[in-house]
1. For the range 268-279, give me each residue that is of a type in the set (G, A, S), closer than 23 Å to H116 by Cα and surrounded by 13 or more Cβ atoms within 10 Å (Cβ to Cβ).
2. Can you name the condition, by its number, that T265 falls short on among (1) surrounded by fewer than 18 Cβ atoms within 10 Å (Cβ to Cβ); (2) over 27 Å from G162 (Cα atoms); (3) β-branched (V, I, T)?
3. Can you tell which of A188, A193, A155 is more than 25 Å from W220 (Cβ to Cβ), of a type in the set (G, A, S) and in contact with a helix residue (DSSP H, G or I) (Cβ under 7 Å, 6 or more places away or on another chain)?
4. Of the numbered conditions (1) modelled with pLDDT under 95; (2) assigned to a helix (DSSP H, G or I), G245 satisfies every one except a single condition; which is it?
5. Restricting to the range 128-151, name every residue that is on the phi < 0 side of the Ramachandran plot and surrounded by fewer than 20 Cβ atoms within 10 Å (Cβ to Cβ).
6. Six or more apart or on different chains, Cβ atoms under 7 Å: show the pairs whose first residue is in the range 271-282 and at positive phi and whose second is modelled with pLDDT under 95 and of a type outside the set (A, V, I, L, M, F, W, C).
7. Identify, by number, the condition in (1) within 24 Å of Q126 (Cα to Cα); (2) in contact with a strand residue (DSSP E or B) (Cβ under 7 Å, 6 or more places away or on another chain); (3) loosely packed, with under 15 Cβ neighbours inside 10 Å that R246 doesn't meet.
Amino acid sequence: MSIGAARAAPRHGAGPLSARTSAAPLDHHKKATPVVGFQKEHYGVGVGFPVILSVGPTFDAWAGAITNMGTLVLAVASIAGMTLLLPVHIAGQQPTGTELDSKVKAFLEQRKGTWHDLNVPESDGQLLHDLIVKHKFTRALEIGTSTGHSGIWIAWALAKTGGRLTTVELDPGRHRTALANFKEAGVASYIDARLGDAHDIVPALPGPFDFVFSDADKEWYTQYAQAVWPKVARGGCFTAHNVAGRVSRGIAEFLAYMKALPDATTTVDTSSSAGVSISCKR
């Protein structure tokens, strides 16, 4: 990954739900009285969506609601002679798990073999993804975004666990490319990508984290670990890239530091020639 890390403005959530509803009986020979409103609880339905009720033995209706999230499609259900229109789908929401899986897989397949700019190989991306899913991690930090390959694997996993990734990149060009890749892969909404110097940003992050991936400047690995390890939750893991083979002095010092921690268990995965250290807090 990159020699440093990233800072971006925090993401803002969507505004409050607003909707307009309309209803008209399709059977013009039967008169019905529709009641339109936002029902918090009705027949066990605890939703804050527009619910349309009509009194009468036979009543068919349709309704559309335009919200700031997209088009609300309503289904008809009859209960005790009343017609209840319930929301069943909102267009424009985040894709479902299956849809996101398909989108990410297609993107990674399309870009296979093109990730060169300090990015991890596919096998290490898969390793990080599987580790997050296995342990259901949700609060992730990546030090060194590069152009986003590892971040996509991490965010894809976090989409399955309900988590979010904060990733830091020093180089503006790599940062811009990563943002575009995150968007194209469909995982941008799970990522807070920051542009700036990780030496400053990482120590200032409040945490806690249950997953950390370090892949920035190797000579600073130990300092990153010293800054973040106290903020790693029990059961969480601190992982680092490029720790196998002929390692630099900085990597050797980092591995010695992690293995000496009394509350850590450290192993090295060598699925790739680069190697990934995995230190989990007991």
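1. Within the range 268-279, S271, S272, A274, G275, S277 qualify.
2. Failed condition: (2).
3. Result of the check over A188, A193, A155: A188.
4. Only one criterion is unmet by G245, namely (2).
5. Selection gives D130, V133, K134, H135, T138.
6. G275/G245
7. Just one mismatch for R246, condition (2).
Each row is one residue, and each column tells you yes or no for (1) under 23 Å from K112 (Cα atoms); (2) among the acidic types (D, E).
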position: S123; (1), (2): yes, no
position: L128; (1), (2): yes, no
position: G144; (1), (2): yes, no
position: G151; (1), (2): yes, no
position: T166; (1), (2): no, no
position: L170; (1), (2): no, no
position: T177; (1), (2): yes, no
position: F182; (1), (2): yes, no
position: D197; (1), (2): no, yes
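The values are calculated or read from the model by the stated rules, or taken from the named source; none is laboratory data. Please read all numbers here as calculations on a predicted model, not as lab measurements. Reconstructed Cβ throughout: ideal geometry from the backbone, glycine too, with neighbour counts over all protein chains shown.
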